[in-house]
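The values are calculated or read from the model by the stated rules, or taken from the named source; none is laboratory data. Keep in mind that this is a model prediction, so the values were computed, not measured. Don't worry about glycine lacking a Cβ; one is built from the backbone with ideal geometry, like all the others, and counts go over all protein chains shown.
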Amino acid sequence: MADEHGWAAVDARARTAKRAAFAETKRGWKIARERVRNGAIAAVNLTAKQLRRASKIGPYINHRIRKAEDAKKRFDTYRAEWGVEREVARLARGSSPLIVGPWLSEVGYEALYWVPFLRWVQITWHVDPARLIVVTRGGAAEWYRDISRQSVELFDVMTPAEFASRNEARGAVGGGTLKQWAVSEMDEEIATEVRRRTGVADAQLFHPSLMYRLFQQFMLGHRPASFLQRRTRYRRLAAPDIALPPLPDDFVAVKLYTAASMPPTPSIRRLLQSIVLKLAERTPVVMLETGLAFDDHEDYTLESAARIYSVRDALRPADNLAVQTAIIARARAFVGTCGSLAWLAPMLGVDTTALYADARFLHGHLQVARQVFQTLDGAGRFSPLDISAFEQLGVSFDHQPGGLH
C-alpha cells in the first residue's frame, strides 16, 4: 500500500513537471514568435522609413542640381556681361578714332537705347568727342550732337535701295532680326568705306552689338530697370537746324506705322483713320509719312481731309529723320505708333500719345520710357494708349463732329 502511494506521488510530480516543462516550452515558443514578429515589424518599419528618406533624396538632388545649373547660367551671363564691359572700356580708354555704328537697326532702339548708351560711355570714360565718328542714316546724326559733331551719312555711302536690300539680306542671315547682335559683312564694308572717306585708317569699330549683348538679359526681362539706368544717360534734345516745308502755325504731328504692336488689320486702320479725323476737327494735323521702307514697318496711308497735311513730298532719304525730328519739335503734341519716334518726341519736350493695340512686344520698353520721361528734366509728357480698349468697351468713332459714342 505504501508502495502504491509512493508511485502515485512520483507520477503526480512527473505529470506536474511535464506540464511545467510543456508550459515553459509553449511560453518560450510564444516569446520567440513575438520576438520574430516584432523584429519583422521593426525591419519593415525601418525599411519604410529608409524608403521614405530615399524617396526624398531624388527630388533633393534634382533641386540641388537645378540650383547649381541656375547658378552656372547666372555666372555665365555675368561673365559675358563683364566681357562686354571690358571691351567697351578698352575701346573707350584708347586713343584711336572710333567708328560709332554703323546703326542699321530699328529707329526706336537707336533713340531709346543706343544714343543714351553712347552718352553713358562718353561720360564714364571721358571720351574725347573728336575721337567719335557717328555712322547712321536719314540725318539721325542730329540726335548725337552732344556726343560728337563728326558723322557719316549712310545714304552717302550707298543708295537707299541698296541699303534696304542689303539690310534685309543681313537680317535673314541673322535669324530674321535686324538687331545687330554681331558684326556683319555689311558692317565691315561700311566701316572700311568710312575709314577711306574720313582718312582715319586706324579707326576702330565701336559696334552696336556691344549694346545689344550687354542689354540682352534686360531685354529678355531678366534684369531690373536699375541695370539699364546705370548704363544709360538721357537728356533733352535740341531741334535740328534744318529747312522745313511750309507748316501750320499750330499743329499736332502724327506718325502711324504698322508694327507687331499695331498690326495692319481693317479694324485698326478704321480706328486710326477716325482718330486722325477727330484730331483734325480740333487742330491741324501734320502727317509724317515718308513713303520710305527700310525695315519691316510701313506707314499707314490714311484718307486726306481738311486740315490734314502731309510732308511726304518734302522728305528725302538722306535727311528724313532730321526733318521729322525738327517738325516734331515745333508741334503742339505728337501722336504715333508706340515705338520709333514716339520714344524721341518726349526728349524734344513734346507731349506724346503713343498708340498700340498689342502690348506683348512693348512691356519692357514702356517701363523704360515711363521711368525716363517722368524724371527727365524738360521732357514732354508720355501717355501710352491701348486702342484695343475702345473695341472692348464698345466705343467707336464716326467722322461727324461730336462723333465719339
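For the subset of region 168-187 comprising residues that are assigned to a helix (DSSP H, G or I) and in contact with a helix residue (DSSP H, G or I) (Cβ under 7 Å, 6 or more places away or on another chain), which member is nearest to residue 291 (Cα to Cα)? Only one residue fits best here, namely 170. Annotation note: of 290, 198, 258, the sole residue that is closer than 23 Å to residue 180 by Cβ and outside the structural domain of residue 311 (by TED's automatic domain parsing) is 198. Could you check, for region 338-347, whether at least one of its residues is at positive phi and either in contact with a Gly (Cβ under 9 Å, 6 or more places away or on another chain) or at pLDDT 95 or above (or both)? Scanning region 338-347 turns up at least one residue that is at positive phi and either in contact with a Gly (Cβ under 9 Å, 6 or more places away or on another chain) or at pLDDT 95 or above (or both). Of all the residues that make up region 119-142, how many are closer than 24 Å to residue 226 by Cα and in a helix (DSSP H, G or I)? Going through region 119-142 one residue at a time, the tally reaches 7. Would a scan of region 296-304 turn up a residue that is among the polar types (S, T, N, Q) and either within 17 Å of residue 107 (Cα to Cα) or out of contact with any Phe, Trp or Tyr (no Cβ under 9 Å at 6 or more places or on another chain) (or both)? Checking region 296-304: at least one residue is among the polar types (S, T, N, Q) and either within 17 Å of residue 107 (Cα to Cα) or out of contact with any Phe, Trp or Tyr (no Cβ under 9 Å at 6 or more places or on another chain) (or both).
Candidates in region 93-117 are the residues that are of a type outside the set (Asp, Glu) and without any contact (Cβ under 8 Å) to a residue 60 or more places away in the chain; of these, the one that is surrounded by the fewest Cβ atoms within 10 Å (Cβ to Cβ) is 95.
Taken together, the residues in region 73-118 that are over 14 Å from residue 213 (Cβ atoms), β-branched (Val, Ile, Thr), assigned to a helix (DSSP H, G or I) and more than 16 Å from the chain's Cα centre (by Cα) amount to 1. Annotation note: of 270, 282, 223, 233, the sole residue that is basic (Lys, Arg), under 21 Å from residue 356 (Cβ atoms) and either out of contact with any His (no Cβ under 9 Å at 6 or more places or on another chain) or not assigned by TED's automatic domain parsing to the domain that holds residue 110 (or both) is 270.
Annotation: of all residues in region 328-342 being crowded, with 23+ Cβ neighbours inside 10 Å and in a strand (DSSP E or B), the one that is nearest to the chain's Cα centre (by Cα) is 337.
Is it the case that residue 318 is crowded, with 19+ Cβ neighbours inside 10 Å and either within 29 Å of the chain's Cα centre (by Cα) or of a type outside the set (Val, Ile, Thr) (or both)? Here the answer is no, as residue 318 does not meet what is asked.
Are any of the residues in region 343-366 in a helix (DSSP H, G or I), crowded, with 17+ Cβ neighbours inside 10 Å and β-branched (Val, Ile, Thr)? No.
Taken over region 283-298, the residue count meeting the criterion of being modelled with pLDDT of 80 or more and surrounded by 19 or more Cβ atoms within 10 Å (Cβ to Cβ) is 6. Is region 265-272 home to any residue that is assigned to a loop (DSSP other than H, G, I, E, B) and under 23 Å from residue 328 (Cβ atoms)? So far as region 265-272 goes, no, none of its residues is assigned to a loop (DSSP other than H, G, I, E, B) and under 23 Å from residue 328 (Cβ atoms).
Residues in region 155-167 that are over 28 Å from the mean Cα position of the chain (by Cα) and assigned to a helix (DSSP H, G or I): 155, 156, 157, 160, 161, 162.
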